[in-house]
Amino acid sequence: MGRMPGPITPYGDDLAVVVVTYSPGDSLPAFLDSLADATTRRPTVVLADNGSTDGVPEAAAAAGRAQLLPMGENLGYGAAANRAVAGLPAGTGWVLVSNPDIVLGPKSLDLLLEAADRWPRAGSLGPLIRTDGEVYPSARLVPSLGRGVGHAVFGAVWPRNPWTRSYRQEGSVAERTAGWLSGSCVLLRREAWDSVDGFDPRFFMYFEDVDLGDRLGRAGWLNVYVPDAEVVHTGGHATETDVPTSARMLREHHRSAYRFLADRYRGARWAPLRVGLRAALGVRARWSTRHAS
(Lines give C-alpha, C1' and ligand atoms only; values in the text may rest on other atoms or scores of the structure.)
Protein backbone atom coordinates (compact mmCIF):
# COMPACT_ATOMS: atom_id res chain seq x y z
CA MET A 1 0.00 0.00 0.00
CA GLY A 2 2.37 2.68 -1.28
CA ARG A 3 6.08 2.69 -0.60
CA MET A 4 7.81 1.62 2.59
CA PRO A 5 8.78 4.52 4.87
CA GLY A 6 12.36 5.70 4.61
CA PRO A 7 14.68 6.89 7.40
CA ILE A 8 13.60 9.99 9.30
CA THR A 9 15.99 12.96 9.33
CA PRO A 10 15.89 15.73 11.97
CA TYR A 11 15.07 19.00 10.23
CA GLY A 12 15.23 22.67 11.04
CA ASP A 13 12.36 25.15 11.13
CA ASP A 14 12.80 26.75 7.70
CA LEU A 15 9.90 26.94 5.24
CA ALA A 16 9.82 25.98 1.58
CA VAL A 17 7.07 26.27 -1.01
CA VAL A 18 6.87 23.63 -3.73
CA VAL A 19 4.62 24.51 -6.67
CA VAL A 20 3.91 21.76 -9.20
CA THR A 21 3.59 23.45 -12.60
CA TYR A 22 2.37 22.42 -16.04
CA SER A 23 1.96 25.46 -18.33
CA PRO A 24 0.45 27.51 -15.48
CA GLY A 25 -0.15 30.75 -17.44
CA ASP A 26 -1.11 33.83 -15.45
CA SER A 27 -1.93 31.77 -12.37
CA LEU A 28 1.71 31.35 -11.34
CA PRO A 29 2.56 35.08 -11.11
CA ALA A 30 -0.63 35.60 -9.10
CA PHE A 31 0.38 32.82 -6.70
CA LEU A 32 3.86 34.27 -6.27
CA ASP A 33 2.43 37.77 -5.73
CA SER A 34 0.15 36.45 -2.97
CA LEU A 35 3.03 34.74 -1.16
CA ALA A 36 4.45 38.05 0.05
CA ASP A 37 1.43 38.72 2.29
CA ALA A 38 0.91 35.08 3.30
CA THR A 39 3.95 34.86 5.57
CA THR A 40 6.52 37.05 7.28
CA ARG A 41 9.14 34.39 6.51
CA ARG A 42 11.25 34.25 3.37
CA PRO A 43 10.59 30.74 2.07
CA THR A 44 12.54 28.92 -0.59
CA VAL A 45 10.22 28.57 -3.62
CA VAL A 46 10.73 25.61 -5.95
CA LEU A 47 8.81 25.10 -9.19
CA ALA A 48 8.57 21.36 -9.85
CA ASP A 49 7.86 21.64 -13.56
CA ASN A 50 6.20 18.77 -15.40
CA GLY A 51 7.07 19.94 -18.91
CA SER A 52 5.50 23.39 -19.30
CA THR A 53 5.45 24.82 -22.82
CA ASP A 54 4.27 28.36 -22.04
CA GLY A 55 7.60 29.65 -20.68
CA VAL A 56 6.01 30.98 -17.48
CA PRO A 57 8.01 28.90 -14.96
CA GLU A 58 11.24 29.78 -16.78
CA ALA A 59 10.33 33.48 -16.67
CA ALA A 60 9.64 33.31 -12.92
CA ALA A 61 13.01 31.66 -12.34
CA ALA A 62 14.83 34.17 -14.56
CA ALA A 63 13.27 37.00 -12.56
CA GLY A 64 14.62 35.47 -9.33
CA ARG A 65 11.16 34.69 -7.97
CA ALA A 66 11.68 30.93 -7.68
CA GLN A 67 14.02 28.04 -8.37
CA LEU A 68 13.13 25.95 -11.42
CA LEU A 69 13.36 22.15 -11.14
CA PRO A 70 12.46 20.61 -14.53
CA MET A 71 11.16 17.04 -14.36
CA GLY A 72 12.00 16.37 -18.01
CA GLU A 73 8.52 14.91 -18.56
CA ASN A 74 5.10 14.93 -16.95
CA LEU A 75 5.63 12.75 -13.87
CA GLY A 76 2.31 13.62 -12.27
CA TYR A 77 1.58 15.78 -9.23
CA GLY A 78 2.82 13.55 -6.44
CA ALA A 79 6.01 12.32 -8.10
CA ALA A 80 7.05 15.87 -9.03
CA ALA A 81 6.40 17.10 -5.47
CA ASN A 82 8.41 14.17 -4.09
CA ARG A 83 11.42 15.04 -6.22
CA ALA A 84 11.31 18.70 -5.20
CA VAL A 85 10.99 17.96 -1.47
CA ALA A 86 13.85 15.44 -1.64
CA GLY A 87 16.18 18.18 -2.88
CA LEU A 88 15.48 20.64 -0.06
CA PRO A 89 18.19 21.28 2.54
CA ALA A 90 18.04 19.76 6.02
CA GLY A 91 17.17 23.14 7.53
CA THR A 92 13.76 22.95 5.87
CA GLY A 93 11.26 21.38 8.23
CA TRP A 94 8.05 22.76 6.70
CA VAL A 95 6.89 22.47 3.09
CA LEU A 96 3.83 24.00 1.48
CA VAL A 97 2.90 21.90 -1.57
CA SER A 98 0.56 23.77 -3.88
CA ASN A 99 -1.01 24.07 -7.28
CA PRO A 100 -0.06 27.29 -9.08
CA ASP A 101 -3.73 28.27 -9.47
CA ILE A 102 -3.99 29.21 -5.80
CA VAL A 103 -4.08 32.73 -4.38
CA LEU A 104 -2.92 32.69 -0.78
CA GLY A 105 -4.82 34.85 1.67
CA PRO A 106 -3.10 37.38 3.96
CA LYS A 107 -1.19 35.63 6.79
CA SER A 108 -2.52 32.26 5.60
CA LEU A 109 0.85 30.50 5.76
CA ASP A 110 1.71 31.99 9.14
CA LEU A 111 -1.69 30.91 10.49
CA LEU A 112 -1.01 27.35 9.38
CA LEU A 113 2.37 27.41 11.11
CA GLU A 114 0.79 28.81 14.28
CA ALA A 115 -1.75 25.98 14.22
CA ALA A 116 1.11 23.50 14.01
CA ASP A 117 2.24 24.75 17.44
CA ARG A 118 -1.22 23.92 18.80
CA TRP A 119 -1.16 20.48 17.17
CA PRO A 120 2.30 18.97 17.77
CA ARG A 121 1.25 15.71 16.08
CA ALA A 122 0.00 17.49 12.97
CA GLY A 123 1.63 15.92 9.92
CA SER A 124 -0.35 18.06 7.51
CA LEU A 125 -2.32 21.27 7.87
CA GLY A 126 -4.78 22.59 5.33
CA PRO A 127 -6.43 26.00 4.86
CA LEU A 128 -10.01 26.83 4.01
CA ILE A 129 -10.24 26.82 0.21
CA ARG A 130 -12.70 28.97 -1.67
CA THR A 131 -13.72 28.21 -5.25
CA ASP A 132 -16.04 30.59 -7.11
CA GLY A 133 -16.79 32.27 -3.79
CA GLU A 134 -17.94 29.06 -2.13
CA VAL A 135 -16.17 27.05 0.57
CA TYR A 136 -14.75 23.93 -1.00
CA PRO A 137 -14.95 20.79 1.19
CA SER A 138 -11.19 20.29 1.38
CA ALA A 139 -11.05 18.40 4.70
CA ARG A 140 -12.80 15.07 4.37
CA LEU A 141 -13.11 11.61 5.83
CA VAL A 142 -11.06 8.78 4.38
CA PRO A 143 -13.36 6.89 1.99
CA SER A 144 -14.56 3.70 3.63
CA LEU A 145 -15.91 0.96 1.41
CA GLY A 146 -19.48 2.19 1.75
CA ARG A 147 -18.75 5.92 1.52
CA GLY A 148 -16.14 5.48 -1.17
CA VAL A 149 -18.26 3.36 -3.47
CA GLY A 150 -21.38 5.41 -2.85
CA HIS A 151 -19.62 8.68 -3.60
CA ALA A 152 -17.72 7.30 -6.59
CA VAL A 153 -20.77 5.73 -8.21
CA PHE A 154 -23.47 8.29 -7.36
CA GLY A 155 -21.59 11.56 -6.74
CA ALA A 156 -21.92 12.93 -10.28
CA VAL A 157 -25.54 11.94 -10.88
CA TRP A 158 -26.93 12.41 -7.33
CA PRO A 159 -24.76 15.08 -5.66
CA ARG A 160 -26.69 15.15 -2.38
CA ASN A 161 -26.59 11.41 -1.78
CA PRO A 162 -25.86 10.43 1.85
CA TRP A 163 -22.48 8.83 1.07
CA THR A 164 -21.15 11.98 -0.60
CA ARG A 165 -22.48 14.27 2.16
CA SER A 166 -20.82 12.16 4.84
CA TYR A 167 -17.55 11.83 2.95
CA ARG A 168 -17.20 15.53 2.03
CA GLN A 169 -17.95 16.77 5.61
CA GLU A 170 -19.72 19.81 4.18
CA GLY A 171 -20.81 22.46 6.65
CA SER A 172 -18.09 21.62 9.19
CA VAL A 173 -16.01 24.82 9.12
CA ALA A 174 -14.02 24.68 12.35
CA GLU A 175 -10.45 23.83 13.26
CA ARG A 176 -10.44 20.06 13.54
CA THR A 177 -8.77 16.88 12.44
CA ALA A 178 -9.72 15.25 9.15
CA GLY A 179 -9.06 11.99 7.35
CA TRP A 180 -7.26 13.85 4.58
CA LEU A 181 -6.71 17.36 3.23
CA SER A 182 -6.75 18.66 -0.31
CA GLY A 183 -3.32 18.43 -1.90
CA SER A 184 -4.01 21.57 -3.93
CA CYS A 185 -2.59 23.58 -1.01
CA VAL A 186 -1.30 21.80 2.08
CA LEU A 187 1.43 22.48 4.64
CA LEU A 188 3.47 19.39 5.53
CA ARG A 189 5.70 18.67 8.49
CA ARG A 190 8.73 17.20 6.77
CA GLU A 191 9.36 14.68 9.56
CA ALA A 192 5.85 13.32 9.01
CA TRP A 193 6.34 13.35 5.23
CA ASP A 194 9.49 11.26 5.64
CA SER A 195 7.77 8.80 7.94
CA VAL A 196 5.43 7.74 5.10
CA ASP A 197 7.85 8.46 2.24
CA GLY A 198 5.79 11.26 0.70
CA PHE A 199 3.21 10.86 -2.03
CA ASP A 200 2.72 7.46 -3.65
CA PRO A 201 3.92 8.06 -7.25
CA ARG A 202 1.55 5.42 -8.61
CA PHE A 203 -1.16 8.07 -8.40
CA PHE A 204 -0.50 10.20 -11.49
CA MET A 205 -3.16 12.69 -10.45
CA TYR A 206 -6.07 12.54 -8.01
CA PHE A 207 -6.24 10.55 -4.76
CA GLU A 208 -2.54 11.10 -4.03
CA ASP A 209 -3.71 13.44 -1.27
CA VAL A 210 -6.36 11.00 0.00
CA ASP A 211 -3.75 8.27 0.13
CA LEU A 212 -1.20 10.52 1.84
CA GLY A 213 -3.67 11.63 4.51
CA ASP A 214 -4.70 8.05 5.21
CA ARG A 215 -1.09 6.87 5.52
CA LEU A 216 -0.18 9.80 7.77
CA GLY A 217 -3.09 8.87 10.03
CA ARG A 218 -2.04 5.23 10.11
CA ALA A 219 1.48 6.33 11.06
CA GLY A 220 0.15 8.26 14.07
CA TRP A 221 0.08 11.78 12.62
CA LEU A 222 -2.89 14.14 12.40
CA ASN A 223 -4.33 15.96 9.38
CA VAL A 224 -5.56 19.31 10.70
CA TYR A 225 -8.01 21.65 8.99
CA VAL A 226 -7.30 25.33 9.79
CA PRO A 227 -10.15 27.48 8.37
CA ASP A 228 -8.72 30.72 9.78
CA ALA A 229 -6.15 30.40 6.99
CA GLU A 230 -7.88 31.08 3.66
CA VAL A 231 -6.86 30.61 0.04
CA VAL A 232 -8.68 30.85 -3.27
CA HIS A 233 -8.46 28.09 -5.88
CA THR A 234 -8.96 29.86 -9.19
CA GLY A 235 -9.30 26.72 -11.36
CA GLY A 236 -7.39 24.53 -13.80
CA HIS A 237 -5.82 27.05 -16.20
CA ALA A 238 -4.07 24.49 -18.37
CA THR A 239 -7.03 22.16 -18.82
CA GLU A 240 -10.28 24.08 -18.54
CA THR A 241 -10.65 24.53 -22.33
CA ASP A 242 -8.65 21.48 -23.41
CA VAL A 243 -11.21 18.71 -24.07
CA PRO A 244 -8.68 15.86 -24.63
CA THR A 245 -6.81 16.79 -21.44
CA SER A 246 -10.07 17.08 -19.49
CA ALA A 247 -11.11 13.64 -20.70
CA ARG A 248 -7.78 12.21 -19.59
CA MET A 249 -8.21 13.83 -16.17
CA LEU A 250 -11.61 12.17 -15.78
CA ARG A 251 -10.14 8.79 -16.68
CA GLU A 252 -7.25 9.32 -14.27
CA HIS A 253 -9.68 10.27 -11.49
CA HIS A 254 -11.56 7.01 -11.81
CA ARG A 255 -8.37 4.98 -12.22
CA SER A 256 -6.97 6.52 -9.04
CA ALA A 257 -10.22 5.92 -7.15
CA TYR A 258 -9.99 2.25 -8.03
CA ARG A 259 -6.32 2.05 -7.04
CA PHE A 260 -6.99 3.64 -3.66
CA LEU A 261 -9.79 1.23 -2.77
CA ALA A 262 -8.11 -1.82 -4.31
CA ASP A 263 -4.99 -1.14 -2.23
CA ARG A 264 -7.07 -1.41 0.91
CA TYR A 265 -8.98 -4.54 -0.10
CA ARG A 266 -6.25 -6.89 -1.23
CA GLY A 267 -6.12 -10.66 -1.56
CA ALA A 268 -8.31 -13.41 -2.97
CA ARG A 269 -11.10 -12.75 -0.46
CA TRP A 270 -11.76 -9.31 -1.94
CA ALA A 271 -11.24 -10.22 -5.61
CA PRO A 272 -14.99 -10.16 -6.47
CA LEU A 273 -15.27 -6.73 -4.85
CA ARG A 274 -12.36 -5.40 -6.90
CA VAL A 275 -13.91 -6.74 -10.11
CA GLY A 276 -17.19 -5.01 -9.26
CA LEU A 277 -15.44 -1.77 -8.38
CA ARG A 278 -13.47 -1.75 -11.62
CA ALA A 279 -16.62 -2.36 -13.67
CA ALA A 280 -18.69 0.28 -11.86
CA LEU A 281 -15.98 2.92 -12.03
CA GLY A 282 -15.34 2.11 -15.70
CA VAL A 283 -19.01 2.76 -16.49
CA ARG A 284 -18.95 5.99 -14.50
CA ALA A 285 -15.75 7.14 -16.23
CA ARG A 286 -17.27 6.61 -19.68
CA TRP A 287 -20.46 8.42 -18.66
CA SER A 288 -18.50 11.35 -17.18
CA THR A 289 -16.27 11.66 -20.25
CA ARG A 290 -19.23 11.74 -22.66
CA HIS A 291 -21.07 14.20 -20.43
CA ALA A 292 -18.03 16.52 -20.24
CA SER A 293 -17.52 16.43 -23.99
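The values are calculated or read from the model by the stated rules, or taken from the named source; none is laboratory data. Keep in mind the model is a prediction, meaning the values are calculated, not measured. Every residue, glycine among them, receives a Cβ derived from its backbone with ideal geometry; neighbour counts consider all protein chains shown. Side chains included, ligands, DNA and RNA excluded: accessible areas come from the protein's heavy atoms. Shrake-Rupley method; radii C 1.70, N 1.55, O 1.52, S 1.80 Å.
Against the criterion of solvent-accessible heavy-atom surface with a 1.4 angstrom probe, 207, 199 sort, most first, into 207, 199. How much of the accessible area of region 1-135, in percent, comes from carbon and sulfur atoms when a 1.4 Å probe is used? Summing carbon and sulfur atoms, their accessible area is 53 percent of the total for region 1-135. Local charge for residue 226 was computed over the other residues whose Cβ lies under 10 Å away, with Lys and Arg +1 and Asp and Glu -1, and equals -2. Rounded to the nearest Hz, the phi-derived 3J(HN,Hα) couplings of region 50-58 under the Karplus curve 6.51 cos²θ - 1.76 cosθ + 1.60 (θ = phi - 60°) are 8, x, 4, 10, 9, x, 5, x, 4, where x marks glycine and proline. Label positions at residue 176 and residue 58, each projected 7 Å from the Cα along the C-beta direction, are separated by 4.8 nm.
Excluding residue 71 itself, what net charge comes from residues whose Cβ is under 11 Å from its Cβ, given Lys and Arg +1 and Asp and Glu -1? Kindly include the intermediate steps, with their values, before the conclusion.
On the way: positive: 83; negative: 49, 73.
Value of the local net charge: -1.
Dipole of region 1-99, Cα-centred, from +1 at each Lys and Arg C-beta and -1 at each Asp and Glu C-beta, to the nearest 20 debye? Intermediate values should be presented prior to the final figure.
Numbers: 5 positive and 9 negative charges, 67 e Å.
With Lys and Arg at +1 and Asp and Glu at -1, about 320 debye.
Hey, what did region 11-157 get for relative contact order, percent, Cα under 8 Å, at least 6 apart? Walk me through the intermediate numbers first.
On the way: 212 pairs, mean separation 44.3, N = 147.
The normalised contact order for region 11-157 reaches 30 percent.
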